[in-house]
Amino acid sequence: MADKDNIQFAEQAIAAINARDIDRYLQLIDESYVGESEIAPGPIRGPQGVRQMLEMQLKAFPDLHVDIEQTIASGDHVIARVRLTGTHKGNFAGIAPTNKSVTWRACNIVEVRNGKAIRSRIYSDNATLFEQLGALSIPRAKAAG
């Protein structure tokens with residue numbers, strides 16, 4: 001696919017998530033798809049695995065919204081750097097609902113073949129997310145002086 005097509009692919013996928021149109025999103029996922037994420041217990045396989053991950057994420061953050069900050073495409077790959085916002089209303093990664101509003105960033109690298117995702121790797125700023133949820137304390141460096 002051309003770079004512009006891969007960028008459009010990423011934009012369509014994120015629009016489907018924001019619209020809560022999981023079926024439309026899954027039309028972009030190949031049967032052979034394998035995805036990786038730090039919060040997944042193992043590889044995410046095929047459309048059904050993607051459905052389970054999305055449903056878990058949307059149950060935890062029912063008002064989840066994804067904003068694209070940057071997209072880069074090269075050959076069969078597209079990278080989307082995004083900002084996510086939501087309110088923690090359901091269990092997430094073993095953390096009980098806190099009702100806290102959170103914001104974090106992520107980067108998803110997707111390999112696209114014949115108009116469908118066949119592989120992806122999500123790199124998410126989970127430390128920032130978990131800190132906002134009260135599950136992690138990150139020591140801060142003191143200002144030089």
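The values are calculated or read from the model by the stated rules, or taken from the named source; none is laboratory data. Just so it is clear, the structure is predicted and the values come from calculations on it, not from any experiment. Don't worry about glycine lacking a Cβ; one is built from the backbone with ideal geometry, like all the others, and counts go over all protein chains shown.
Observations on the structure shown:
- Some residue of the stretch 117-134 being more than 18 Å from Ile39 (Cα to Cα), β-branched (Val, Ile, Thr) and either in a strand (DSSP E or B) or in contact with a Lys or Arg (Cβ under 6 Å, 6 or more places away or on another chain) (or both): yes
- Residue count for the stretch 29-49, restricted to those that are touching a helix residue (DSSP H, G or I) at 6+ places or on another chain (Cβ under 6 Å) and under 11 Å from Ser120 (Cβ atoms): 3
- Number of positions in the stretch 92-116 that are polar (S, T, N, Q), surrounded by fewer than 18 Cβ atoms within 10 Å (Cβ to Cβ) and under 30 Å from Ser32 (Cβ atoms): 1
- Identity of the residue in the stretch 18-73, of a type in the set (Gly, Ala, Ser) and exposed (fewer than 13 other Cβ atoms within 10 Å of the Cβ), that ends up modelled with the lowest pLDDT: Gly42
For (1) in contact (Cβ under 8 Å) with a residue 40 or more places away in the chain; (2) under 17 Å from Ala80 (Cβ atoms); (3) over 15 Å from the mean Cα position of the chain (by Cα); (4) outside any loop (DSSP other than H, G, I, E, B), each residue gets a yes or a no:
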| position | (1), (2), (3), (4) |
| --- | --- |
| Phe9 | yes, yes, no, yes |
| Arg20 | no, no, no, no |
| Ala40 | no, no, no, no |
| Gly49 | no, no, no, yes |
| Met53 | no, yes, no, yes |
| Met56 | no, no, no, yes |
| Lys59 | no, no, no, yes |
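- Which numbered condition Ser137 misses (of (1) of a type in the set (Gly, Ala, Ser); (2) part of a loop (DSSP other than H, G, I, E, B); (3) within 30 Å of Gln8 (Cβ to Cβ)): (3)
- Criterion applied to Asp30, Asp67, Asp63 was being of a type in the set (Asp, Glu), part of a strand (DSSP E or B) and under 15 Å from the mean Cα position of the chain (by Cα), and the one residue passing it is Asp67.
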